[in-house]
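Asks: Can you keep this structure in mind? I'll have questions shortly.
The values are calculated or read from the model by the stated rules, or taken from the named source; none is laboratory data. Because the structure is predicted, anything quoted here is derived from the model rather than measured. Neighbour counts are summed over all protein chains in view; Cβ atoms, including those assigned to glycine, are modelled from backbone coordinates with ideal geometry.
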Amino acid sequence: MSTNQDRIIIFDTTLRDGEQSPGATLNVDEKITIARQLARLGVDVIEAGFPRASSGDFEAVQKVAEIVGVEDGPIICGLARANFDDIKIAGEALKPAAKGRIHTFIATSDIHLEYKLKKSRSEVLAIIPEMVAYAKSFVDDVEFSPEDAGRSDPEFLYQVLEAAISAGATTVNIPDTVGYTTPAEFGGLIRGIKENVPNIDQAIISVHGHNDLGLAVANFLEAVKYGARQLECTINGIGERAGNAALEELVMGLHVRRQYFNPFLGRAPESTEPLTNIITQEIYKTSRLVSTLTGMMVQPNKAIVGSNAFAHESGIHQDGVLKHKLTYEIMDAESIGLTTNLIVLGKHSGRNAFRTRLTELGFDLSETDLNKAFLRFKDLADKKKEISDWDLEAIVKDEIQQPPELFRLETVQVSCGDNSKPTATVVLTTPDGEELTDAAVGTGPVDAVYKAINRVVNVPNELIEFSVKSVTAGIDAIGEVTIRLSHEGKIYSGHAANTDIIVASARAYVSALNRLYAVIGHRKTEEGRSSVVVG
Ligand code: KIV
Ligand code: ZN
């Protein structure tokens, strides 16, 4: 990693800290799909997971390192607590990466030392250089984080950082683990580090923060002014509790206001050189992908990627925008890759047109997946006259990006109306290949379908979220259903799209149950490894 300090390094932790959002659990294939898209987006570093946490995490980091961590690709990073086992396992997982980084951390705030680690400051100060040096025996690129830096004594923090850098840390990351600091305080902390850590010019200063008070992005932008050059963030701001700083907000903040930030990076104010390597036109697509695969919906009014972010409702605003866009718009929807809803294909479009459009949309499908998606497209074209990019995206995601089909929904049938009891009959194939039929009565058609499916799958669970939204306007629109269910305190999500929302609801439920079933099935393999979650 160069210590070039005149641009901002984007460190994406969607697959590590983001995946720690309740219910956002991703399987290995889904992590690879996201990592590929993060590489297309142009992130500099992908934190792919915490290899010591579970065998699934180890495999995901290893696969991402192998498939995405190629010579001209991003740096692949693995998290490790400051102990020999974690660091060794992270080193092994990262071996296939052309550029691997170990990110090791230990808490430094008095509250964490006293109650969590039960260690003195001098004990922690001794562990840090030893563990950084150990990480260096696996990779040259080592990042060190003093966890809960935001609430640590700055004088102690300076000593900790100096020791980490002397032992070879190339990046020192300053986490506001509990999202407690304000922008002025966080900027001041970075300024203090710059002024008081004697060897700070030998490392990149990074920042990491949670959004408990909604201040993470503001804190980071202030930190940039005082010397932070790496920002740790997640797509859509997903993450532990209220989430992490949102990548799209940071990147577009730095992009739209680059004339304001340029001088802090030693550039002329009028310079138009981008401040990050991010290809902003890939932002929207990445946001959609992460939202679909994690089941974490994006709120409509979310900055940059929310469905209302570029919509003008009031007459005064609409009139202004029609007269001159800049009256009410500070950035183009196109700059984040939000194209107008083009009508692209229809009933008579052939395989070639279909394949070409999918490639243009960034989908790189195998021949088998392309065939499956094409059949779905033809089926859709029979029901819907005009098919847009968004429809294509929805059917490809529905057909291809699903967890392994342990249970398969064969048919679903409902009968409902204002004078009848909603009743559903479902046919499912079980993981053993047996075809089972069951029926149930519910308070509504979806409830009846879910009860019937539960009778077959027979794993206790509670539905905690159900949402349906249409992909495009019109009576023939595709409906996308996202659900989250909980089982023994863990949350599993499911997603499906269909012109029939009862079918989409049933498929989304089976998809979440398949995720749950895969975990129950793998529990035995996981035994023996501690399951560790950090902020
Ligand atoms: O929030 C935090 O402190 C973390 C560290 C592991 C960097 O995620
Ligand atoms: Zn964190």
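Asks: Just wondering, is there one or more residues in the range 347-363 that are of a type outside the set (Phe, Trp, Tyr) and at pLDDT 90 or above?
Replies: Scanning the range 347-363, I find no residue that is of a type outside the set (Phe, Trp, Tyr) and at pLDDT 90 or above, so the answer is no.
Asks: Restricting attention to the range 236-250, does a residue exist that is more than 16 Å from ligand 2 (Cβ to nearest atom) and at pLDDT 95 or above? Let's see the steps before the verdict.
Replies: Residues of the range 236-250 that are more than 16 Å from ligand 2 (Cβ to nearest atom), as a first pass: 248-249.
Filter once more, keeping what is at pLDDT 95 or above: 248-249.
Yes, there is a match, as at least one residue in the range 236-250 is more than 16 Å from ligand 2 (Cβ to nearest atom) and at pLDDT 95 or above.
Asks: Yes or no: residue 229 crowded, with 19+ Cβ neighbours inside 10 Å, charged (D, E, K, R), in contact (Cβ under 8 Å) with a residue 12 or more places away in the chain and over 23 Å from residue 293 (Cα atoms)?
Replies: Numbers: crowded, with 19+ Cβ neighbours inside 10 Å: yes; charged (D, E, K, R): yes; in contact (Cβ under 8 Å) with a residue 12 or more places away in the chain: yes; over 23 Å from residue 293 (Cα atoms): yes.
Spelling it out, residue 229 is indeed crowded, with 19+ Cβ neighbours inside 10 Å, charged (D, E, K, R), in contact (Cβ under 8 Å) with a residue 12 or more places away in the chain and over 23 Å from residue 293 (Cα atoms).
Asks: Then there is this: Do we have residue 53 as of a type in the set (Gly, Ala, Ser), within 14 Å of ligand 1 (Cβ to nearest atom) and farther than 30 Å from residue 188 by Cα here?
Replies: For residue 53, the condition - of a type in the set (Gly, Ala, Ser), within 14 Å of ligand 1 (Cβ to nearest atom) and farther than 30 Å from residue 188 by Cα - is met.
Asks: What residue, among those in the range 158-186 that are in a loop (DSSP other than H, G, I, E, B) and either of a type in the set (A, V, I, L, M, F, W, C) or over 29 Å from the mean Cα position of the chain (by Cα) (or both), is nearest to ligand 1 (Cβ to nearest atom)?
Replies: 178
Asks: Would you check which residues across the range 216-233 are within 14 Å of ligand 1 (Cβ to nearest atom) and under 12 Å from residue 181 (Cβ atoms) and list them?
Replies: Residues satisfying the conditions are 216, 219, 220.
Asks: Criterion first (farther than 22 Å from residue 279 by Cα and away from ligand 1 (no atom under 16 Å from the Cβ)) does residue 25 satisfy it?
Replies: Yes: the conditions hold for residue 25.
Asks: Residue check, residue 393 against (1) buried (at least 19 other Cβ atoms within 10 Å of the Cβ); (2) in contact with a strand residue (DSSP E or B) (Cβ under 7 Å, 6 or more places away or on another chain); (3) assigned to a helix (DSSP H, G or I), all met but one. Which one?
Replies: Tallying (1) buried (at least 19 other Cβ atoms within 10 Å of the Cβ); (2) in contact with a strand residue (DSSP E or B) (Cβ under 7 Å, 6 or more places away or on another chain); (3) assigned to a helix (DSSP H, G or I), residue 393 fails exactly one: (2).
Asks: Restricting to helices (runs of 4 or more DSSP H) lying wholly in the range 284-384: which have 3 or more residues that are in contact with a Leu (Cβ under 8 Å, 6 or more places away or on another chain)?
Replies: So the answer is 351-360, 367-383.
Asks: Please find, among 114, 123, the residue that is free of Cβ contacts under 8 Å to residues at least 12 places away in the same chain, under 15 Å from residue 159 (Cα atoms) and in the same structural domain as residue 71 (by TED's automatic domain parsing).
Replies: 123
Asks: Which members of the range 378-410 meet the condition of being at pLDDT below 85 and among the small types (Gly, Ala, Ser)?
Replies: Within the range 378-410, 388, 394 qualify.
Asks: Only one residue in 333, 381, 303 is surrounded by 14 or more Cβ atoms within 10 Å (Cβ to Cβ), aliphatic (A, V, I, L, M) and either within 21 Å of residue 399 (Cβ to Cβ) or assigned by TED's automatic domain parsing to the domain that holds residue 509 (or both). Which one?
Replies: So the residue among 333, 381, 303 that is surrounded by 14 or more Cβ atoms within 10 Å (Cβ to Cβ), aliphatic (A, V, I, L, M) and either within 21 Å of residue 399 (Cβ to Cβ) or assigned by TED's automatic domain parsing to the domain that holds residue 509 (or both) is 381.
Asks: Tally time: how many residues in the range 111-140 are within 19 Å of residue 166 (Cβ to Cβ) and within 16 Å of ligand 1 (Cβ to nearest atom)?
Replies: Number of matching residues: 6.
Asks: Which numbered condition in (1) outside the structural domain of residue 363 (by TED's automatic domain parsing); (2) not aromatic (Phe, Trp, Tyr); (3) not in a loop (DSSP other than H, G, I, E, B) is the only one that residue 387 fails?
Replies: (1)
Asks: Restricting to the range 242-251, give me the number of residues that are assigned to a helix (DSSP H, G or I) and either surrounded by fewer than 23 Cβ atoms within 10 Å (Cβ to Cβ) or not assigned by TED's automatic domain parsing to the domain that holds residue 21 (or both).
Replies: Summing the residues that are assigned to a helix (DSSP H, G or I) and either surrounded by fewer than 23 Cβ atoms within 10 Å (Cβ to Cβ) or not assigned by TED's automatic domain parsing to the domain that holds residue 21 (or both) in the range 242-251 gives 1.
Asks: Is there any pair linking a residue in the range 78-104 that is surrounded by fewer than 23 Cβ atoms within 10 Å (Cβ to Cβ) to one that is among the basic types (Lys, Arg) and part of a loop (DSSP other than H, G, I, E, B), with Cβ under 9 Å and at least six apart or on different chains, and which?
Replies: From residues that are surrounded by fewer than 23 Cβ atoms within 10 Å (Cβ to Cβ), the pairs are 81/52; 83/52; 85/52; 88/52; 89/52.
Asks: To continue, here is another question. Of all residues being at pLDDT 85 or above, among the hydrophobic types (A, V, I, L, M, F, W, C) and closer than 25 Å to residue 363 by Cβ in the range 4-25, which is surrounded by the most Cβ atoms within 10 Å (Cβ to Cβ)? Just the residue, please.
Replies: 15
Asks: Still on this structure, please answer the following. For the list (1) among the aliphatic types (A, V, I, L, M); (2) surrounded by 15 or more Cβ atoms within 10 Å (Cβ to Cβ); (3) not in a loop (DSSP other than H, G, I, E, B), I need the number of the one condition that residue 126 fails.
Replies: Of the numbered conditions (1) among the aliphatic types (A, V, I, L, M); (2) surrounded by 15 or more Cβ atoms within 10 Å (Cβ to Cβ); (3) not in a loop (DSSP other than H, G, I, E, B), the odd one out for residue 126 is (2).
Asks: Follow-up question, since we're still on this one. Which of the residues that make up the range 254-263 are surrounded by fewer than 24 Cβ atoms within 10 Å (Cβ to Cβ) and under 16 Å from residue 12 (Cβ atoms)?
Replies: none
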